1. Could you please find all residues in region 103-152 being in contact (Cβ under 8 Å) with a residue 40 or more places away in the chain, out of contact with any helix residue (DSSP H, G or I) (no Cβ under 8 Å at 6 or more places or on another chain) and farther than 17 Å from residue 166 by Cα?
2. May I ask you to list the residues in region 50-87 that are in contact with a helix residue (DSSP H, G or I) (Cβ under 7 Å, 6 or more places away or on another chain), touching a residue at least 40 places away in the same chain (Cβ under 8 Å) and part of a helix (DSSP H, G or I)?
3. So residue 306 fits all but one of (1) closer than 15 Å to residue 141 by Cβ; (2) surrounded by 18 or more Cβ atoms within 10 Å (Cβ to Cβ); (3) in contact (Cβ under 8 Å) with a residue 40 or more places away in the chain; what number is the exception?
4. Got at least one residue in region 90-98 being crowded, with 19+ Cβ neighbours inside 10 Å, under 13 Å from the mean Cα position of the chain (by Cα) and without any contact (Cβ under 8 Å) to a residue 60 or more places away in the chain?
5. Spot the failing condition for residue 324; the list is (1) modelled with pLDDT of 95 or more; (2) in the same structural domain as residue 232 (by TED's automatic domain parsing), and only one is missed.
6. Which one is nearest to residue 3 (Cα to Cα) among residues in region 23-37 that are surrounded by 14 or more Cβ atoms within 10 Å (Cβ to Cβ) and either out of contact with any strand residue (DSSP E or B) (no Cβ under 9 Å at 6 or more places or on another chain) or outside the structural domain of residue 13 (by TED's automatic domain parsing) (or both)?
7. Filter region 3-22 down to residues that are farther than 12 Å from residue 48 by Cα and touching a helix residue (DSSP H, G or I) at 6+ places or on another chain (Cβ under 6 Å) and give me whichever is surrounded by the fewest Cβ atoms within 10 Å (Cβ to Cβ).
């Protein structure tokens, strides 16, 4: 297969990551930068054009020695056409022919495009917490929420444009005025947790009370509150923070029970920044709720574990997909 070198790219709502390796769970060179949402898609494409040659130079390679580039994109994609369909966080991605752009501007023969959760699911299935488990349901709970169903180390794409979009599953959310249905991402993502805490802080400020520990962590500025600060305060015993986290955990658990009833995964792997809250305040409560509410015949037939590959998981998946693409292209040319 060519030289064996492939590149992997993660395009997210807050970060851009590039790596070069062989697609076996390795990273020979890697770089991560923040993106500027106000610059839109064009700003990120400009960053890729600058970062890719710099990575090649680190390894003494040229673009002609890269067999393929794989991309995990933070939003729905048309993988067969190599087009991004939309980003819910950054403008300019609607219908953009990303794979052709990469071939032209990076000088590589092949570019493979997938949703970032699908790429991460492949990585965990082949190199991480999902090894040897099929079907595998991967869920990332970070700035947004995504999912992937991996069957025998292959992405399940439904009718063609994707599947397992668990972040867009509607879940019950109880408010003082009654119950409503919201998308899971609107309740349990990192941005949703931060938003709920910011709203609570604003109410406290309006009521003349500014001594909430979470508000203190944000230097008294409600808009500066993060999901990480909420988790930290909950770990310190703050009941208001614990309630905000519990709302998110129950929403995630509800979504998982529905997914289990539909696809009966052998293992559920949860990754993303919110999952870093850890066992006591995230995984253990989610497991207990799921175990209590899941379809009874399926109870005990699955487990819920933390992702193993950390923040480079999407890059690892993109590298693996690039390697698959290069191998398939080589076979087709035989």
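1. Correct list: 129 only.
2. Of everything in region 50-87, those that are in contact with a helix residue (DSSP H, G or I) (Cβ under 7 Å, 6 or more places away or on another chain), touching a residue at least 40 places away in the same chain (Cβ under 8 Å) and part of a helix (DSSP H, G or I) turn out to be 52, 63.
3. (2)
4. No, because not a single residue in region 90-98 is crowded, with 19+ Cβ neighbours inside 10 Å, under 13 Å from the mean Cα position of the chain (by Cα) and without any contact (Cβ under 8 Å) to a residue 60 or more places away in the chain.
5. Only one criterion is unmet by residue 324, namely (2).
6. The residue in question is 25.
7. So the residue we want is 3.
Residues checked against (1) assigned by TED's automatic domain parsing to the domain that holds residue 264; (2) crowded, with 23+ Cβ neighbours inside 10 Å:
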| position | (1), (2) |
| --- | --- |
| 122 | no, yes |
| 147 | yes, yes |
| 152 | yes, no |
| 157 | yes, no |
| 161 | yes, no |
| 164 | yes, yes |
| 170 | yes, no |
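The values are calculated or read from the model by the stated rules, or taken from the named source; none is laboratory data. The model shown is predicted, which means the values in this text are computed figures rather than measured ones. Neighbour counts run over all protein chains shown; Cβ positions are idealised from the backbone, glycine included.
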